[in-house]
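Notes follow once the structure below has been shown.
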Amino acid sequence: MNHTGNNRHWKILLVEDDEDDYVLTRTLLSEVRGNRYDLHWATSYDAAVHKISENSWDVILVDYDLGSHTGLEVVKNVSASGCHAPVILLTGRGSYETDVEAMKAGAADYLTKAEANSLLLERTIRYAIEKRQNDEELRKSRDELRKSRDELEVRVRERTQELEKANRELIKAEKHMAMSRMIASIAHELNNPIQTIENCLYLLSNDIAGNDSGQEVLDMALSEARRIATLVNQLREIYRPMKVSPMQPLDICEVLSEVKTLIAPHLQHQNVVWKQRLETESYKVNGILDQLKQIFINISLNGIEAMQPHGGELTVEICRDALNQKIGISFKDTGQGINEEDLPKIFEPFFTTKDKGTGLGLAICYDIVQRHDGNITVESSPKQGTKFTVWLPEKTSSQ
Ligand SMILES: Nc1ncnc2c1ncn2[C@@H]1O[C@H](COP(=O)(O)OP(=O)(O)OP(=O)(O)O)[C@@H](O)[C@H]1O
Ligand SMILES: [Mg+2]
């Protein structure tokens with residue numbers, strides 16, 4: 001559309017096969033005050049189709065009778081070609097049917113040639129343009145509204161997914177806590193009877209001294225009872241309500257250095273190289289030293305075991321998530337990796353794929369990290385290796 005200052009300048013296409021009518025329209029338009037029209041003429045249906053495709057018109061005036069075609073076909077062509085200009089149908093004589101037909105085809109208005117004078121023509125054109133502009137504004141607002149609604153839908157969907165994930169984590173944590181409580185109470189209940197059995201077996205073994213086969217059976221029973229007693233003790237140790245040792249500021253590099261010393265014999269015997277870059281800055285967290293050491297040892301030992309029989313590299317890195325104010329301590333091994341179906345189960349108590357594993361190492365890590373307000377993430381590719389990252393809240397200078 002062309003706007004020249006306050007002086008509106010409309011570009012009009014007239015589709016008209018009668019030159020006299022073209023001249024008449026031009027004259028009527030020239031008589032209009034204030035508005036300036038740039039009138040273009042298409043003398044046939046084909047010429048009109050060609051010009052409509054330029055899509056640069058403010059309004060299109062179409063003669064109803066175009067010889068072998070009708071003006072209604074032009075109106076339909078305008079709608080189909082995506083041209084947004086309003087179309088005004090000019091008819092020789094007016095009738096209600098023509099009016100309805102014109103509207104159905106998509107015309108903005110219609111005008112009987114006999115009635116047309118410059119005032120009426122100007123008014124019809126002005127109203128048609130204004131209405132089209134309003135429609136256009138409405139369409140734009142509707143599009144924007146639809147866009148905002150779509151964006152909102154996407155955000156709601158994302159938020160729902162986040163909430164579902166948080167909910168799943170919560171359920172997992174609650175299940176874990178419930179399981180821990182159950183194990184603690186079972187271990188507690190088993191402790192007394194197993195000690196009684198152990199004592200009875202011991203007393204019996206004194207009574208039947210000299211009876212070799214009886215002694216053998218008793219020794220076996222005694223050793224198994226001791227094994228159960230040890231396991232029960234371990235469970236009680238792990239799942240007893242934690243002593244509320246106070247948290248203290250800890251330097252992660254120092255904790256890792258102690259861990260490395262503690263597991264040095266394992267690294268050496270199992271041919272694993274501990275790779276850690278020299279840190280230039282310090283990373284501080286609030287924590288319980290023994291518990292953090294236990295997490296790092298459990299994860300390191302798992303990594304070492306996953307790299308057997310040949311050994312490999314255990315890469316230890318510290319990073320900072322400034323946004324969430326967390327310190328990440330990662331242990332990446334070059335071991336066998338974890339199967340996709342096992343991955344969701346590795347933190348469950350008693351889940352193990354090892355002949356002599358108890359399946360408690362990672363369950364303990366999970367509990368401790370939870371108590372430190374942290375979390376653990378795992379990335380693993382079968383046959384390539386696994387990376388565990390322990391995230392702990394960073395100790396800020398104000399804490
Ligand atoms: N770095 C790793 N690479 C491959 N698999 C791993 C790794 N860490 C853990 N896993 C898998 O997770 C399981 C559970 O580990 P978790 O430490 O809880 O128990 P475990 O090592 O089997 O026994 P233990 O109680 O002696 O530690 C392991 O049996 C193993 O299948
Ligand atoms: Mg383990």
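The values are calculated or read from the model by the stated rules, or taken from the named source; none is laboratory data. Just so you know, these numbers come straight off a predicted model, no measurement behind them. Note that each Cβ is placed from the backbone with ideal geometry, even for glycine, and that neighbours are counted across all protein chains shown.
Points worth noting:
- Filtered by the rule that a residue be touching a Pro at 6+ places or on another chain (Cβ under 8 Å), near ligand 1 (Cβ under 8 Å from one of its atoms) and of a type in the set (G, A, S), the range 355-383 gives G359, A363.
- Top-ranked residue in the range 50-76 [being over 22 Å from R126 (Cα atoms) and not hydrophobic (A, V, I, L, M, F, W, C); ranked as farthest from the chain's Cα centre (by Cα)]: G67
- Every condition in (1) more than 11 Å from ligand 1 (Cβ to nearest atom); (2) at positive phi; (3) hydrophobic (A, V, I, L, M, F, W, C) is met by F350 except one, and the failing one is (1).
- Residue in the range 332-341 that is more than 9 Å from ligand 1 (Cβ to nearest atom), of a type in the set (S, T, Y) and closer than 22 Å to V272 by Cβ present: yes
- Answer from Q294, Q248 - the residue that is within 16 Å of ligand 2 (Cβ to nearest atom) and either assigned by TED's automatic domain parsing to the domain that holds R371 or loosely packed, with under 14 Cβ neighbours inside 10 Å (or both): Q294
- Residue list for the range 35-52, filter: in contact with a helix residue (DSSP H, G or I) (Cβ under 9 Å, 6 or more places away or on another chain) and among the hydroxyl-bearing types (S, T, Y): Y37, T43, Y45
- Strands (runs of 3 or more DSSP E) fully within the range 192-310 counting 3 or more residues that are under 38 Å from the mean Cα position of the chain (by Cα) and within 16 Å of ligand 1 (Cβ to nearest atom): 272-276
- When the range 351-365 is filtered for residues that are crowded, with 20+ Cβ neighbours inside 10 Å and touching an Asp or Glu at 6+ places or on another chain (Cβ under 9 Å), the ones remaining, listed by number, are L362, A363.
- Condition broken by T386, with the remaining ones in (1) of a type in the set (V, I, T); (2) near ligand 1 (Cβ under 8 Å from one of its atoms); (3) without any contact (Cβ under 8 Å) to a residue 60 or more places away in the chain satisfied: (3)
A quick yes/no check of all residues on (1) more than 15 Å from ligand 2 (Cβ to nearest atom); (2) of a type in the set (D, E, K, R); (3) more than 24 Å from the chain's Cα centre (by Cα):
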residue: D321; (1), (2), (3): yes, yes, no
residue: T352; (1), (2), (3): no, no, yes
residue: I376; (1), (2), (3): no, no, no
residue: K383; (1), (2), (3): yes, yes, yes
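- When residues of the range 80-92 are limited to those that are under 14 Å from V62 (Cα atoms) and at pLDDT below 90, the one surrounded by the fewest Cβ atoms within 10 Å (Cβ to Cβ): G92
- Near pairs, Cβ below 8 angstrom, 6+ apart or cross-chain, from the range 44-67 (touching a residue at least 40 places away in the same chain (Cβ under 8 Å)) to any residue that is of a type in the set (S, T, N, Q) and in a loop (DSSP other than H, G, I, E, B): L66/S44; G67/S44
- Residue in the range 127-146 that is hydrophobic (A, V, I, L, M, F, W, C) and under 26 Å from T27 (Cβ atoms) present: yes
- Screening the range 323-350 for residues that are acidic (D, E) and within 16 Å of ligand 2 (Cβ to nearest atom) and picking the one that is surrounded by the fewest Cβ atoms within 10 Å (Cβ to Cβ) gives D342.
- For the range 335-391, residues that are of a type in the set (D, E) and not in a loop (DSSP other than H, G, I, E, B) total 2.
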